[in-house]
Amino acid sequence: MAPAALDLERTAIERLRQYELEEARILQRAMVPLEPLCEPRFEVAHRFRPVVEVGGDFLDYFLLSDHTAGLYLGDVVGKGLPAALYAALALGTLRGINKTGEAPDRVLGLLNKRLRMRLMPGRFCSLQYAVFDPQEGELRISSAGMVGPLHISASGCTEMRAEGLPSGVCDAADYEAIRLPLEPGDAVLFATDGLTDA
């Protein structure tokens with residue numbers, strides 16, 4: 001191939017790469033809430049700062065029909081547009097499942113089954129799903145291979161650990177549910193491994 005043709009090919013490949021990165025950035029921004037969730041008895045807020053150009057991190061929080069609040073935070077293996085697309089699949093699937101009002105461990109089990117029905121080689125995601133009941137002052141948490149959140153209270157800082165394999169890895173995955181009573185003034189910090197990587 002002539003040098004001029006090679007230069008054109010390289011330029012076209014670079015433009016395609018830049019286009020895909022920008023599309024992945026747009027997709028990733030769409031997988032993060034725009035505003036905090038402020039209620040009389042609690043608040044949910046986030047800070048989202050990708051460590052690399054673009055990846056497969058996603059999160060959402062919302063009120064459920066029984067006046068509890070749901071929150072999930074996930075991280076897809078890999079980077080770039082493929083990771084962002086898989087994150088969009090996981091997020092869309094979760095949005096459909098959480099409307100059922102199922103417990104966090106059951107939601108993660110259903111997500112795993114649905115992702116296993118749409119296998120993508122080398123793709124899976126770690127995530128946590130939590131439901132807060134402001135009337136009871138209790139947070140229920142289940143994890144699919146993610147580092148536990150930190151419970152911050154007047155007595156100190158404690159990592160919460162719930163066991164479970166990442167979603168989409170294997171058919172036989174079980175998820176543990178843990179319950180955390182919260183007192184007024186307590187906080188819970190959820191984070192992906194991007195925090196420790198940074």
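For segment 135-198, what number results from the quotient of the Cα radius of gyration and 2.2 N^0.38 Å?
Segment 135-198 yields a ratio of 1.25.
Would you mind telling me which residue in Ala12, Ala24, Ala154 has the biggest mean-square fluctuation in a Gaussian network model of the chain, where springs connect alpha carbons within a distance under 10 angstrom?
Of Ala12, Ala24, Ala154, the Gaussian network model singles out Ala12 as fluctuating most.
Just to confirm, what accessible area per residue do you get for the chain at 1.4 Å probe, in whole Å²?
Averaged over the residues of the chain, the accessible area is 58 Å².
Which percent of Cα pairs goes in each bin when the distances of segment 14-122 are cut into 10 angstrom slices starting at zero?
13, 41, 33, 11, 2, 0
Where the only charges are on Cβ atoms (+1 Lys, Arg; -1 Asp, Glu), what is the dipole of segment 95-188 about its Cα centre, to the nearest 20 debye?
Here segment 95-188 has a charge dipole of around 700 debye.
Got a number for carbon plus sulfur as a percent of the chain's accessible area, 1.4 Å probe?
Answer for the chain: carbon and sulfur cover 55 percent of the accessible area.
Which three semi-axes in whole Å describe the equivalent ellipsoid of the chain, each the square root of 5 times a Cα gyration tensor eigenvalue, listed largest first?
35, 19, 15
With only Lys, Arg, Asp and Glu charged, each at its Cβ (+1 for the first two, -1 for the last two), find how big the charge dipole of the chain is about the Cα centre; round to the nearest 20 debye.
The calculated dipole for the chain is roughly 580 debye.
Give me the Å³ per residue figure for the convex hull around the C-alpha atoms of segment 82-178.
Cα-based convex hull of segment 82-178, divided per residue, equals 104 Å³.
For the chain, what is the mean residue ellipticity at 222 nm derived from helices alone (per DSSP H run of n ≥ 4: -39500 (n - 2.57); sum divided by total residues; nearest 500 deg cm²/dmol)?
-11000 deg cm²/dmol
When the distances between all Cα atoms of segment 1-50 are binned every 5 Å from zero, what whole-number percent does each bin get?
All Cα pairs, binned at 5 Å, distribute as 4, 16, 14, 12, 11, 9, 8, 7, 6, 5, 3, 2, 2, 1 percent.
Relative to the compact globular guide of 2.2 N^0.38 Å, what is the alpha carbon radius of gyration of segment 89-142, as a ratio?
Rounded to two decimals, the normalised Rg is 1.24.
The values are calculated or read from the model by the stated rules, or taken from the named source; none is laboratory data. Only a predicted model underlies this, so the values are computations on that prediction, with no experimental measurement involved. All Cβ positions, glycine included, derive from the backbone under ideal geometry; neighbour counts span all protein chains shown. When the accessible area is computed, the model is the full protein with side chains, heavy atoms only, and any ligands, DNA or RNA have been set aside. Shrake-Rupley method; radii C 1.70, N 1.55, O 1.52, S 1.80 Å.
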